[in-house]
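Asks: After the structure tokens below, expect a handful of questions from me.
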Amino acid sequence: MNLHEFQAKRLFAEHGIPIPRGEVAYTPEDARTITRDLGGRAVVKAQVLIGGRGKAGGIKVAQSPEEAEAHAAAILGMNIKGLTVNKVLVDELAPGIRQELYLAALIDRGQRRPMIMASAAGGMDIEEVAETTPEKIHIVHIDPTLGVRTYQTTYLAKSMDLPREVWADFHKIVAGLYACFKSNDASLTEINPLIITGEGKLLAGGH
């Protein structure tokens, strides 16, 4: 079962993963109102069950409620790889972005075990990263009877050169992602990007 970003984020929140405040808008006017309620700045994202939204122009930053309305007007009705956009997610704008990461829980079909895959190349097409710079992708396999262990998330954090002050929160997010993956019997659960904000906080910026 594929989920829209807003649906995935609700599941993330249920498993303790911090997400931005946001609401779904079906009209440009809704996007303006939501952005105003979020403090005046937001990210407007097309909600379609396919990747490549950013490259297609389906993700735009708004610096005002009026700009969010204009972006929503441009995105709603857009055709992205054969799918028509009929709703957008309007998320609060993170307070500065220090780093963007990629994080996923999936099944290693060769070993028939779940694994966590992480990369410091967040926000990018992970297939492209795997093909061009595979050394940027780091993997740990999870024993289903034990779950995510601290030494595993420490290894991933070190491999991506994450600041030490986020290691504890990073572990909680990886554990939450795996719990979400397991409880929903998913084949892939990903956060792209997982944002480290300018304030040193972690936030699930996308799925």
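Asks: Could you rank Lys45, Lys182 by how accessible they are, 1.4 Å probe, largest area first? Intermediate values should be presented prior to the final figure.
Replies: Numbers: Lys45 15, Lys182 115 Å².
In descending accessible area the options line up as Lys182, Lys45.
Asks: Sorting Asp185, Asp30 by accessible area (1.4 Å probe), largest first, what list results?
Replies: Working: Asp185 135, Asp30 65 Å².
Sorted descending by solvent-accessible area, the residues read Asp185, Asp30.
Asks: Quick one: grab the alpha carbon gyration tensor of the range 112-207, order the square roots of its eigenvalues as a ≥ b ≥ c, and give me rounded if a/c is under 1.5, else prolate or oblate depending on whether a/b is larger than b/c. Mind dumping the intermediate values first?
Replies: Details: a/c = 1.39, a/b = 1.13, b/c = 1.23.
In terms of gyration-tensor shape, rounded.
Asks: Let me ask something else. Based on DSSP H runs of at least 4 residues, each adding -39500 (n - 2.57), what is the mean residue ellipticity at 222 nm of the chain after dividing by all its residues, to the nearest 500 deg cm²/dmol? Kindly include the intermediate steps, with their values, before the conclusion.
Replies: Numbers: 6 runs with 65 residues, N = 207.
Mean residue ellipticity, 222 nm, calculated: -9500 deg cm²/dmol.
Asks: Which aspartates and glutamates, if any, have their Cα less than 14 Å from the Cα of Lys136, not counting same-chain residues under 8 positions apart?
Replies: Here the aspartates and glutamates satisfying the reach criterion relative to Lys136 are Glu100, Asp125, Glu127, Glu128, Asp161.
Asks: Another question, then. Output the relative contact order of the range 133-181, whole-number percent, from Cα pairs under 8 angstrom with separation of 6+ residues.
Replies: Working: 20 pairs, mean separation 18.8, N = 49.
Contact order relative to length: 38 percent.
Asks: So for each of 58-68, 123-133 I average, over its residues, the number of other beta carbons within 10 Å; can you give me the resulting order with the highest mean first? Walk me through the numbers on the way to the answer.
Replies: Details: 58-68: 18.6, 123-133: 13.8.
The packing order, highest mean first, is 58-68, 123-133.
Asks: Now a separate question. Take the alpha-carbon centre of the range 116-193, take the same for the range 34-75, and report the distance between them in whole Å.
Replies: Cα centroid to Cα centroid, the span is 27 Å.
Asks: Leaving out ligands, DNA and RNA but keeping every protein chain, what accessible area does Leu11 have, in Å² rounded to the nearest 10, with a 1.4 Å probe?
Replies: 40
Asks: Still on this structure: Dipole of the chain, Cα-centred, from +1 at each Lys and Arg C-beta and -1 at each Asp and Glu C-beta, to the nearest 20 debye?
Replies: For this selection, approximately 340 debye.
Asks: Mean 1/r over all different Cα pairs, inverted: what Kirkwood radius does the chain give, in Å? Kindly include the intermediate steps, with their values, before the conclusion.
Replies: Values: mean 1/r = 0.0570 Å⁻¹.
By the Kirkwood definition, the hydrodynamic radius is 17.5 Å.
Asks: Work from the charge dipole of the range 74-207 (Cβ charges, +1 for Lys and Arg, -1 for Asp and Glu, about the Cα centre) and give the residue of Pro95, Met78, Thr150 farthest towards its positive end.
Replies: Thr150
Asks: Of the accessible area of the chain, with the probe set at 1.4 angstrom, what percent is carbon plus sulfur? Walk me through the intermediate numbers first.
Replies: On the way: 5210 of 10350 Å².
The nonpolar share, carbon plus sulfur, comes to 50 percent.
Asks: So which of Lys87/Lys201; Lys81/Lys172; Lys55/Lys182; Lys9/Lys201 end up more than 25 Å apart, counting from Cα to Cα? Let's see the in-between values first.
Replies: Numbers: Lys87/Lys201 28 Å; Lys81/Lys172 35 Å; Lys55/Lys182 31 Å; Lys9/Lys201 17 Å.
Exceeds cut-off: Lys87/Lys201; Lys81/Lys172; Lys55/Lys182.
Asks: Could you give the Stokes-Einstein D for the range 54-165 in µm² per second, using the C-alpha Kirkwood radius, 4 °C, 1.567 mPa s? The partial results should precede the final answer.
Replies: Details: Rh = 17.0 Å.
Approximately 76 µm²/s, per Stokes-Einstein.
The values are calculated or read from the model by the stated rules, or taken from the named source; none is laboratory data. It should be emphasised that the depicted structure is a prediction, and the values quoted were computed from it without experimental measurement. Don't worry about glycine lacking a Cβ; one is built from the backbone with ideal geometry, like all the others, and counts go over all protein chains shown. Just the protein is used for accessible areas: all its heavy atoms, side chains included, with ligands, DNA and RNA removed. Shrake-Rupley method; radii C 1.70, N 1.55, O 1.52, S 1.80 Å.
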